[in-house]
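Have a look at the structure below before the remarks.
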Amino acid sequence: TQLLEQSPQFLSIQEGENLTVYCNSSSVFSSLQWYRQEPGEGPVLLVTVVTGGEVKKLKRLTFQFGDARKDSSLHITAAQPGDTGLYLCAGDNNDMRFGAGTRLTVKP
Amino acid sequence: NAGVTQTPKFQVLKTGQSMTLQCAQDMNHNSMYWYRQDPGMGLRLIYYSASEGTTDKGEVPNGYNVSRLNKREFSLRLESAAPSQTSVYFCASGRYEQYFGPGTRLTVT
C-alpha cells in the first residue's frame, strides 16, 4: 500500500487542454515535493510546498498543498507536448516517500 | 558542477553474483539516498544517510547494504543478487529538495 496515492495513474490529453492531478495521503507531511521524470532520466524537482493551504505557481503549473498538509494537487493550464512525463509527489515524514506517479501524455 | 553521478548506467548480473553501485555528489549535501523504481510502484527508499558516518534503513532494505564513504560518496551493494532486484536504481542527495542521478538499470537473470 502506497503512503501517497496519486490519481489518475494515466492521463492523455490534447495540447491546449487543462488538467489536474492529485496526491493524497492519510498522513501529515512537514513538506511535499513534486517532481517530473522523463524516460531514461532521474526525477527533477519542480516545487516544494511547506505551509498548509500554500499555493505556488511555476509558469503554467499551479501547485496547492492541502490545509491539513495531507494532500496536494498540480494543475497545468494549456498543456503542451513538452509537459509529457511522469509526475511524482513525495512527502517528507522523517524519510521521503514517493507516490507511484501520474503518467501524462500531451498530444500535439 | 556535475550534480549527482552514478555508475554504472547498465548492468546485467546472474543470480547470486554481487556488485556495488556507486554514487557521488558535488553539492556538499549532508543527506544522500538510494531508491529503486519499479513499474507502477514509484520510487521506494532502500537506505539513506543523513550525514557522513550514519546510515539508516528505508522502506525496502532487505538484500542490500550501503556505505557512506565520505560526504561525497554513497555506495549500494548487492551481496547475492536475486531476480526480484531487477529494477532501476536512483541515488539522490539533499534533505528537503532532492537531486537525482541518471539511474542504473540492473537486470538479474
Item to check | Average Cα contact separation per residue, chain A, under 8 Å, 6 or more apart, as relative contact order % | outcome: 38
Next on the checklist: Let me check I've understood the local charge: for A:Q14, count other residues with C-beta under 13 angstrom from its C-beta, Lys and Arg +1, Asp and Glu -1. What total comes out?
Outcome noted: -2
Checklist entry - Within straight cross-link reach of B:K14, meaning Cα distance under 30 Å, which lysines are found once same-chain residues fewer than 8 apart are removed? => result B:K57
Item to check | For the protein assembly as shown, with +1 on Lys and Arg beta carbons and -1 on Asp and Glu, the positive-most of B:M27, B:T15, A:S12 along the dipole | outcome: B:T15
Next on the checklist: Charges at C-beta only: +1 for Lys and Arg, -1 for Asp and Glu. How large is the resulting dipole of the stretch A:1-57 about its Cα centre, in Debye rounded to 20?
Outcome noted: 200
Checklist entry - Is the shape of the protein assembly as shown best called rounded, prolate or oblate, per the rule: a/c under 1.5 gives rounded, else a/b larger than b/c gives prolate, else oblate, with a ≥ b ≥ c the square roots of the Cα gyration tensor eigenvalues? => result prolate
Checklist entry - Taking the Cα centre of the stretch A:19-108 as the origin, how large is its charge dipole in debye, to the nearest 20, when only Lys and Arg (+1) and Asp and Glu (-1) carry charge on their Cβ atoms? => result 260
Next on the checklist: If you take each beta carbon of peptide A:93-103 and count the beta carbons of other chains within 10 angstrom, what is the mean?
Outcome noted: 5
Checklist entry - Say the dipole of chain A comes from +1 at the beta carbon of Lys and Arg and -1 at that of Asp and Glu; which of A:G42, A:L32, A:L74 then lies farthest toward its positive end? => result A:L74
Checklist entry - Which order, highest average first, do A:35-41, B:89-95 follow once you tally other Cβ atoms within 10 Å for each residue and take the mean per peptide? => result B:89-95, A:35-41
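Values in this text are rule-based calculations from the coordinates and carry no lab data. In this text, all values refer to a predicted model and were calculated from it rather than measured experimentally. Please note: Cβ atoms are built from the backbone with ideal geometry, for glycine as well, and neighbour counts cover all protein chains shown.
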